[in-house]
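What follows draws every value from the coordinates through simple rules; no lab data is involved. The structure displayed is predicted, hence computed values, not measured ones. FYI the Cβ positions are ideal-geometry reconstructions off the backbone, even for glycines, and counts take in every protein chain you see.
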Amino acid sequence: MLARRLSIQSTNAVIHSTLNIDMQRHLEELLENWKNRLSTHNSVAILVVDSMTMQVKAYLGSISLQDKQRFGYVDMVTAIRSPGLTLKPFLYGLALDDGLIHSESLL
């Protein structure tokens, strides 16, 4: 998915990226192993960015491009989402910091 996006933005035949191929392959394998544990209509996206350089190290827009049930052709990294989904990890982090919940809390 990332290569498709980059090829649209550039007229060069060669696409340069900062992806870490070992990390990329490892995460692809992890997603493939998790695929059968998820509901058939759920998907997953992973974006790994080096916080110091802001370089993308791994980019998985969905579990599988060919999986029509999971809408695998949709790049979930760039898909528009509800603001609540963006805030949720921060709210959980604040609740953990304030002692309102703990790591074993059922939410």
(message) Apply the Karplus curve 6.51 cos²θ - 1.76 cosθ + 1.60, θ = phi - 60°, to the phi angles in segment 42-47 and return the couplings in whole Hz, x for Gly and Pro.
(response) 9, 10, 9, 10, 9, 10
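Fewest to most neighbouring Cβ within 10 Å: what's the order for 76, 52?
In order of increasing Cβ crowding within 10 Å: 52, 76.
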(request) Please find the FRET efficiency linking residue 90 to residue 15, where r is the Cβ-Cβ separation and R0 is fixed at 41 Å, and quote it to the nearest 0.05. (result) 0.80
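For 101, 80, what ranking results if the residue with the fewest other Cβ atoms within 10 Å of its Cβ goes first? Display every interim value, and only then the final one.
Numbers: 101 15, 80 4.
By the 10 Å Cβ count, ascending: 80, 101.
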(request) Amide H neighbours of residue 101 under 5 Å, at least 5 residues apart or on other chains, H built in the peptide plane: list them. (result) 96
(message) Run the simple label-point estimate for residue 105 and residue 82 please: 7 Å along Cα→C-beta, distance reported in nm.
(response) 1.9
(request) Output ³J(HN,Hα) for segment 96-104: one whole-Hz value per residue in order, computed from phi by the Karplus curve 6.51 cos²θ - 1.76 cosθ + 1.60 with θ = phi - 60°, and x for Gly and Pro. (result) 5, 4, 7, x, 6, 9, 10, 4, 9
